[in-house]
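Read through the structure below, which is laid out as structure tokens, and then see the notes.
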């Protein structure tokens, strides 16, 4: 699996060199950067820029072996225009467009980090926590808790609380921070 991940990151580096769009690795791989250490079978990327640039990026990826999985959108029609799932052998690479003001802010706050020998733009730990809470699956809560545990001292709590309020996920944030719920 490591070989295909290395090849995927090399290909992504080439694509973003050709189409210089702001991006941030989010999801499981970003969690690994911030200390979660969970195996994942996909690379999730939040990609900014204009829609035409995004489409060019996807087309160039397809020419280089990243095969768009059109059947994914047939099964998930509400994601049309917001996400493109591609496949490189047995690895999914998901390209997501920003959905809200927080997603756009993720791209402004992204950080350049090294992971497995690759220099990548990665969502800040606070933004990864918020994104995990927005999705709200059990494993996302577990990931958010682990990111909090590994980065507790350096987290910007005022940023987290401000965005949790805007996103209406204050109780979820309180839970992962280990605080009593404000609803009580």
Which numbered condition residue 43 fails, given (1) in contact with a strand residue (DSSP E or B) (Cβ under 9 Å, 6 or more places away or on another chain); (2) part of a helix (DSSP H, G or I): (2)
Tell me whether segment 82-92 contains one or more residues that are within 23 Å of residue 148 (Cα to Cα) and more than 14 Å from the chain's Cα centre (by Cα). no
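For (1) buried (at least 22 other Cβ atoms within 10 Å of the Cβ); (2) modelled with pLDDT under 95; (3) in a strand (DSSP E or B); (4) in contact with a helix residue (DSSP H, G or I) (Cβ under 9 Å, 6 or more places away or on another chain), each residue gets a yes or a no:
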| site | (1), (2), (3), (4) |
| --- | --- |
| 121 | no, no, yes, yes |
| 127 | yes, no, no, yes |
| 131 | yes, no, no, yes |
| 146 | no, yes, no, yes |
| 152 | no, yes, no, yes |
| 158 | no, no, no, no |
| 173 | yes, no, no, yes |
| 180 | no, yes, no, yes |
Sole residue being farther than 20 Å from residue 114 by Cβ, touching a helix residue (DSSP H, G or I) at 6+ places or on another chain (Cβ under 7 Å), part of a helix (DSSP H, G or I) and in the same structural domain as residue 118 (by TED's automatic domain parsing), chosen from 31, 61: 61
Could you count how many residues in segment 24-46 are at pLDDT 95 or above and within 14 Å of residue 124 (Cβ to Cβ)? 4
Of the candidates 81, 136, 117, 165, the one satisfying the condition of being in contact (Cβ under 8 Å) with a residue 40 or more places away in the chain and loosely packed, with under 13 Cβ neighbours inside 10 Å is 117
Checked against (1) in contact with a helix residue (DSSP H, G or I) (Cβ under 8 Å, 6 or more places away or on another chain); (2) more than 18 Å from residue 117 (Cα to Cα); (3) touching a residue at least 12 places away in the same chain (Cβ under 8 Å); (4) surrounded by 15 or more Cβ atoms within 10 Å (Cβ to Cβ), residue 69 satisfies every condition except (1)
I'm checking my understanding of the structure. Among residues of segment 84-94 that are in contact with a helix residue (DSSP H, G or I) (Cβ under 8 Å, 6 or more places away or on another chain) and more than 13 Å from residue 45 (Cα to Cα), which one is surrounded by the most Cβ atoms within 10 Å (Cβ to Cβ)? 88
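The values are calculated or read from the model by the stated rules, or taken from the named source; none is laboratory data. Bear in mind that the values here come from a model prediction, so they are computed numbers and not experimental data. In this analysis, Cβ positions are derived from the backbone assuming ideal geometry, glycine residues included, and neighbour counts consider all displayed protein chains.
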